Amino acid sequence: MKRPPCLFGNLRWLCAVLLSLASFSASATEELRVGALKYGTVNWELDVIKRHGLDRKHGFELALVELGSPQATVIALQGGRVDLVVNDWVWVNKQKNGRREYGYSPYSTAIGGLVVAPHSNIHTLADLRGKRIGVAGGPVDKGWLLFRAYGQKKLGVDLAEISDIKYAAPPLLNHLLLNGELDAVINYWHYNARLVAAGMQSLLSTEQLLEAFGVAGKVPMLGWVFDRRVAEQRPALMNAFFAASAEAKTLLASSDAEWDVIRPLLKADNDAVFTALKAAYRAGIPEPLSRDNAQAIRKIYDLLYPSNSTELVGEVDTATMMSLKNTEPNRNDKNNKFDEGMFWWQFVRRQES
């Protein structure tokens, strides 16, 4: 490229500076800030994106913002400190009901399940009666609410009423189960993978539970979450990130060598834990967003919030659904309606075009 002549000799230095700035501007890429827990599983994918230069390949610069807690991630997003975090559609829907516009694009289908100690003599759901069950995420966690609804469906009872429930942080629940202080835990997928590798037994996954309610296929229960108004002003940039994310997932799905590189990030104590985490992550890789996904999520919402539902799910009758409606905060909130406007369809359409 031929440089323009500098007409004033004593200003050659200024010409040089301007040309340098112009060159920098032409080569610079826009930054996207992703918030993630310091030792969270999201870092596995982000590491692949950065190490392979998938951000630059797709025309943006990925900046990782390390955060200290799940609550810190949503605060950072709400405060504009980051552009994207991973969260569930329950949170996004609640925000939209409060007139705060956030978008949702699939990240993972994995959320967890029920793991039991081999000496607990728990072989079916009915065996949970009188047992000590640890629950991650608190009393309104979607996984726990689904298990309670499943107990109503299968046994006609509320697990919260027939068992000794302990709410605690995921690492503590694992510790308590391994030490014999709990009989079972309902925990997140990566913590469950560590338990199974340590000799505990998976009794019922959330995916199996959803199948019992007539929700088929892999449902993206976790997603990339972002300010929708900002995203709609720069859809190409957002889609570039989702393309890089999908490419990183493809590498993690197909290449064992990739896992060998990121193994230090997994904090796996041994090969069994490493293998279990790798398999669990791969099982949770979602397909591109589809109308079936949206309908499945709507069905799950109707199950979690029966008092706000306009339709029933599977074989669950009105009495079963309504039996849970007043047991936890916000489950009978008339302002908590399902809003399909959360889904980011632009990336799907771009893929199809």
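Just so it is clear, none of the values below were taken in a lab; they were calculated from the coordinates. Bear in mind the structure is a predicted one, so any value in this text is a computation, not a measurement. Note: ideal-geometry Cβ built from the backbone for every residue, glycine included; neighbour counts use all protein chains shown.
The GluC sites (Glu not before Pro) of the range 180-250 that meet both conditions, a loop assignment by DSSP and at most 14 other Cβ atoms within 10 Å of the site Cβ, are GLU181. Note on ALA279 and ASN179: their simple-model spin labels are 2.8 nm apart, each label 7 Å out from Cα toward Cβ. The packing ranking of peptides 114-123, 162-171, 185-194, highest mean first, is 185-194, 114-123, 162-171, where packing means the average number of other beta carbon atoms within 10 angstrom of each residue. Extension gain, GLU232 to ASN121: 0.36 nm times the residue separation minus the Cα-Cα distance gives 34.7 nm. Could you work out the relative contact order of the range 110-217, using alpha carbon pairs under 8 angstrom and six or more residues apart, expressed as a whole percent? Normalised by residue count, the contact order of the range 110-217 is 45 percent. Put simply, when 216-227, 36-47 are sorted by average Cβ atoms within 10 angstrom per residue, most first, you get 216-227, 36-47. Under a model in which nothing but the beta-carbon of Lys, Arg (+1) and Asp, Glu (-1) is charged, the range 142-273 shows a dipole of about 460 debye around its Cα centre.
In this structure, the pairs whose alpha-carbon distance is over 25 Å, taken from LYS218/LYS267; LYS218/LYS337; LYS57/LYS249; LYS154/LYS278, are LYS218/LYS267; LYS154/LYS278.
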